[in-house]
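A quick write-up on the structure given underneath.
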Amino acid sequence: MAEYNITLMPFSRRFVCRDNETILAAALRQGINLRYGCRQGGCGTCKALAVAGDLDQSDASTFALMDFERDQGYALLCSAYPLSDVTLELADYDLSELDEAVGQIREYQAVVRDVAFVTHDIVDVQLALVEPASMNFTAGQYVEGLVPQTNEWRAYSMANPPSQSGVLEFLVKLIPDGLASSYVGNKLKLGEHVTISGPYGRFHLRKEPRPALFVAGGAGLAPILSILREMAETRDPRPSIFFYGARRRRDLFFLDELYGFENRLPDFRFVPALSETAPDDEWEGDTGLITDVVARKVPDASGWQSYLCGSGPMIDAALPVLERSGIGLRNCFYDKFLSRAESISLGGATGR
Ligand SMILES: Cc1cc2nc3c(=O)[nH]c(=O)nc-3n(C[C@H](O)[C@H](O)[C@H](O)COP(=O)(O)OP(=O)(O)OC[C@H]3O[C@@H](n4cnc5c(N)ncnc54)[C@H](O)[C@@H]3O)c2cc1C
Ligand code: FES
């Protein structure tokens, strides 16, 4: 096994990367906080310019990394393996971002403590950690779980607040014929042992207390719920509003808790909206695509920050709406729930 030096300019920071690990994996292993999202070559968050050295990028998605970007020397660090010493130019980073605590990423053994359907296609799973018995994470982060009897890992975001560090809660949307979600929906049993690794991800509430606009759809509720639960524990004073999109009334859940944050937080509003109402929904709330509801209700959000979580198309549709309302892209933070299969169909990587 060969090892190569990776140099980060303009900071002259250097770390070692083995030839069988990605540059992102090596950086996180050594506590260097490079930007990333999906770790699967699908979202493009980890894109950086390689100004010197050779990389194996055969796993990188042609969607997240266009051919012309490749020609210019850009790389997806979650999918790039070094073939020599490499120098990366991180012009739009600042040193404090690079040095932000990464948190220790490791494997955990856990036991299933609860499995409950909260809608017809979303399952609430609670895992009690066994070894180690607790996990330090930041609200908004995710873990990867090993699908039992396979070598496949899938990402799921914690819904519990970090204060509840021994029992992790997840909201798993059941995708028809999906490998992990079929297992969760049909086979996962109380007391079963599972392996997870983490915590991963940089989706979290920024410390700077600007008003926060949250947008989620479906199981994208999980990381937002973790953040709101923590905000309620600390009585975070910032103004905040949460737009939650679902198709039908039957797709909404945890409504008591979500409306309850209006009493537990000093300045919070919850706005659920349905995109496909039917008469038996008896729905008097907002209707339409969640992005349209945001555009209607918040025409001017200058000075706000936004936090989005859910499917790639929902986030791609929301970003221009938020930009038009005055939230620059620098203040939009999001986690796209891309599936491995979606990354592959885009030509993306599946290595972990
Ligand atoms: C950072 C991150 C965090 C995530 N957090 C969560 C979470 O908290 N809860 C959660 O439920 N999921 C979450 N996901 C998605 C999750 O990791 C899996 O991709 C998802 O559960 C599907 O896995 P699967 O094995 O069941 O389906 P696969 O076997 O991977 O896919 C089966 C088929 O379903 C299609 N498919 C996959 N996803 C969807 C979809 N959403 N809608 C329609 N078709 C789809 C695929 O294209 C494929 O054809 C997250 C993903 C990322 C990257
Ligand atoms: S983290 Fe590399 S493409 Fe998503």
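The values are calculated or read from the model by the stated rules, or taken from the named source; none is laboratory data. Bear in mind that the values here come from a model prediction, so they are computed numbers and not experimental data. Neighbour counts run over all protein chains shown; Cβ positions are idealised from the backbone, glycine included. When the accessible area is computed, the model is the full protein with side chains, heavy atoms only, and any ligands, DNA or RNA have been set aside. Shrake-Rupley method; radii C 1.70, N 1.55, O 1.52, S 1.80 Å.
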- Note on the structure: When the range 38-67 is checked residue by residue, the ones that are buried (at least 22 other Cβ atoms within 10 Å of the Cβ), closer than 22 Å to residue 310 by Cα and small (Gly, Ala, Ser) are 41, 42, 61, 64
- Within the set of pairs 6 or more residues apart or between chains, which connect a residue that is under 17 Å from residue 269 (Cα atoms) inside the range 205-220 to a residue that is open to solvent by 30 Å² or more (accessible area, probe 1.4 Å) and of a type in the set (Ser, Thr, Tyr) with Cβ atoms less than 8 Å apart? 217/311
- Within the range 71-100, residues touching a Lys or Arg at 6+ places or on another chain (Cβ under 8 Å) and at pLDDT 90 or above come out as 74, 75, 76, 77, 78
- Message: So for the range 3-16 (the condition being closer than 27 Å to residue 204 by Cα, crowded, with 21+ Cβ neighbours inside 10 Å and away from ligand 2 (no atom under 16 Å from the Cβ)), does at least one residue qualify?
- Response: yes
- Query: When you look at residue 339, is it modelled with pLDDT under 90, within 16 Å of ligand 1 (Cβ to nearest atom) and open to solvent by 70 Å² or more (accessible area, probe 1.4 Å), yes or no?
  - Reply: no
- Query: List the pairs whose first member sits in the range 132-145 and is closer than 18 Å to residue 111 by Cβ, whose second member is open to solvent by 10 Å² or more (accessible area, probe 1.4 Å) and among the basic types (Lys, Arg), and whose Cβ atoms are under 7 Å apart, counting only residues at least 6 apart or on separate chains?
  - Reply: 144/154; 144/352; 145/154
- Among the residues of the range 48-85, how many are more than 25 Å from residue 145 (Cβ to Cβ), out of contact with any helix residue (DSSP H, G or I) (no Cβ under 7 Å at 6 or more places or on another chain) and in a strand (DSSP E or B)? 9
- In the set 317, 349, the lone residue that is modelled with pLDDT under 95 and surrounded by 22 or more Cβ atoms within 10 Å (Cβ to Cβ) is 349
- Message: Consider the range 148-176. How many of its residues are over 22 Å from residue 310 (Cβ atoms) and among the hydrophobic types (A, V, I, L, M, F, W, C)?
- Response: 1
- Message: On the basis of being of a type in the set (D, E, K, R) and surrounded by fewer than 16 Cβ atoms within 10 Å (Cβ to Cβ), does residue 230 make the cut?
- Response: no
- Task: Considering only the range 68-93, state which residues are surrounded by 21 or more Cβ atoms within 10 Å (Cβ to Cβ) and farther than 17 Å from residue 7 by Cα.
- Result: 79
- Among the residues of the range 29-37, is any in a helix (DSSP H, G or I) and either of a type in the set (D, E, K, R) or over 20 Å from residue 200 (Cα atoms) (or both)? yes
- Just one of 113, 106, 70 is of a type in the set (Lys, Arg), away from ligand 2 (no atom under 15 Å from the Cβ) and touching a Ser or Thr at 6+ places or on another chain (Cβ under 9 Å); which is it? 106
- Message: Condition first: free of Cβ contacts under 8 Å to residues at least 60 places away in the same chain and touching a Phe, Trp or Tyr at 6+ places or on another chain (Cβ under 9 Å). Now tell me which residues in the range 146-170 satisfy that.
- Response: 146, 147, 148, 149, 150, 165, 168, 170
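Okay, residues lined up against (1) in contact with a Phe, Trp or Tyr (Cβ under 6 Å, 6 or more places away or on another chain); (2) open to solvent by less than 10 Å² (accessible area, probe 1.4 Å); (3) within 27 Å of residue 125 (Cα to Cα); (4) aliphatic (A, V, I, L, M):
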{"site": "195", "(1), (2), (3), (4)": "no, no, yes, no"}
{"site": "207", "(1), (2), (3), (4)": "no, no, no, no"}
{"site": "222", "(1), (2), (3), (4)": "no, yes, yes, yes"}
{"site": "245", "(1), (2), (3), (4)": "no, no, yes, no"}
{"site": "259", "(1), (2), (3), (4)": "yes, no, yes, no"}
{"site": "265", "(1), (2), (3), (4)": "no, yes, yes, yes"}
{"site": "287", "(1), (2), (3), (4)": "no, no, no, no"}
